[in-house]
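Structure first, then comments.
The values are calculated or read from the model by the stated rules, or taken from the named source; none is laboratory data. Note that the structure is predicted; figures quoted are calculated from it, not measured. Virtual Cβ from ideal backbone geometry, glycine too; neighbours counted across all protein chains shown. These area figures cover heavy atoms from the full protein model, side chains too; ligands, DNA and RNA do not enter into them. Shrake-Rupley method; radii C 1.70, N 1.55, O 1.52, S 1.80 Å.
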Amino acid sequence: MKKIKIFKIHKNSWIPKYMTNGASGLDIKAYLKKNIILKPLETKLIKTGIKIYIKKKNITGLIVPRSGLGHKNGIILSNSIGIIDSDYQGEIIIPLLNRSKKPFKIKNKDRIAQIIFIPIWKVKFSIVNKFKNKTKRNKLGFGHTGIK
């Protein structure tokens, strides 16, 4: 298990944790002084009260939505996914969007997102005039397989 440095901005900030043995993502909780009502189609930035420092340049943290919140309540990330770069040390703030038709209340310490850590490949582009090896998909393009 890799170690990531974490800083609690407030003594009552909650450290993200795996909620089951098989979980891939660590649940992140809101750190709020008062409840927030997220109106239909409204986006708000929700503070977490934590900062992390990944340090290793080949690792990134991905902030992803919680499936249950999205499916049951229509609460998703407004940017669909968040990236925590290895050198970012600011507070983790979650941009939540209410895509439902009902207001949604967010309370202190509600689990609002997840974070997963993945390896990253740093690349360098090599400019070419054409590809020597063409794949079957070369001419078929985006969406060619349909939905069935």
In contact (Cβ under 8 Å) with a residue 24 or more places away in the chain, over 23 Å from Gly25 (Cα atoms) and assigned to a loop (DSSP other than H, G, I, E, B), is that true of Lys134? no
Only one of Ile63, Ile116 is touching a strand residue (DSSP E or B) at 6+ places or on another chain (Cβ under 9 Å) and open to solvent by less than 20 Å² (accessible area, probe 1.4 Å), namely Ile63
Out of all the residues in segment 23-48, which are of a type in the set (Gly, Ala, Ser) and open to solvent by less than 70 Å² (accessible area, probe 1.4 Å)? Ala23, Gly25, Ala30
Can you go through Lys56, Lys47 and tell me which one is charged (D, E, K, R) and over 17 Å from Ala30 (Cβ atoms)? Lys56
Checking Asn79 against (1) under 16 Å from the mean Cα position of the chain (by Cα); (2) in contact (Cβ under 8 Å) with a residue 24 or more places away in the chain, which test does it fail? (2)
Does segment 89-97 contain at least one residue that is at pLDDT 95 or above and in a loop (DSSP other than H, G, I, E, B)? yes
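A quick yes/no check of all residues on (1) outside any loop (DSSP other than H, G, I, E, B); (2) acidic (Asp, Glu); (3) within 20 Å of Lys107 (Cβ to Cβ):
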| residue | (1), (2), (3) |
| --- | --- |
| Ala23 | no, no, no |
| Ile28 | yes, no, yes |
| Leu32 | no, no, yes |
| Ile46 | yes, no, yes |
| Gly49 | yes, no, yes |
| Gly61 | yes, no, no |
| Asn79 | no, no, no |
In the list Asn98, Asn129, which residue meets the criterion of being of a type outside the set (Gly, Ala, Ser) and open to solvent by less than 40 Å² (accessible area, probe 1.4 Å)? Asn98
Subset of segment 73-89 [open to solvent by less than 30 Å² (accessible area, probe 1.4 Å) and under 17 Å from Phe117 (Cα atoms)]: Gly82, Ile84, Ser86
Can you name every residue in segment 41-72 that is among the β-branched types (Val, Ile, Thr) and either more than 17 Å from Ile116 (Cβ to Cβ) or touching a helix residue (DSSP H, G or I) at 6+ places or on another chain (Cβ under 8 Å) (or both)? Thr43, Ile46
